[in-house]
1. Can you tell which of Leu38, Leu81, Leu88 is assigned to a loop (DSSP other than H, G, I, E, B), modelled with pLDDT under 90 and open to solvent by 60 Å² or more (accessible area, probe 1.4 Å)?
2. Give the range 41-52 a look and list any residue that's open to solvent by 60 Å² or more (accessible area, probe 1.4 Å) and at pLDDT 90 or above, or say none.
3. Scan the range 53-67 and tell me whether some residue there is surrounded by 13 or more Cβ atoms within 10 Å (Cβ to Cβ), small (Gly, Ala, Ser) and assigned to a strand (DSSP E or B).
Amino acid sequence: MYVIADTVGGIAATPVGSGLGSTTVSGNIHYFRAFTELEKLYVNATVTKSGKRLIFVDTMILSEDGTVYAKADFIYAKLALPDNVKKL
């Protein structure tokens, strides 16, 4: 579940990143329920702060009825193209 939360968080962080996007610096996940009998999972990621170099994202993993199964927080570093490379 960590990988799913990190992936969705990284997608949420990409629009506010520069150039190439972002990369994970750190992440923490807190599990509240077992993922034993779920057919569908929903993942919601929200950018809570976008600084000069870092992006902070909160992510929730939910069931179809809105029950929270896990919460995670991630920090991503903004990636940028070097000055001598042209953007397409």
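The values are calculated or read from the model by the stated rules, or taken from the named source; none is laboratory data. Source: prediction; values computed, not measured. Counting neighbours? That spans all protein chains shown, and the Cβs are built from the backbone with ideal geometry, glycine included. All accessible areas refer to the heavy atoms of the entire protein, side chains included, with ligands and DNA or RNA removed. Shrake-Rupley method; radii C 1.70, N 1.55, O 1.52, S 1.80 Å.
1. Only one candidate qualifies: Leu88.
2. Leu41, Tyr42, Asn44, Thr46, Thr48, Lys49 - these are the residues of the range 41-52 that are open to solvent by 60 Å² or more (accessible area, probe 1.4 Å) and at pLDDT 90 or above.
3. no
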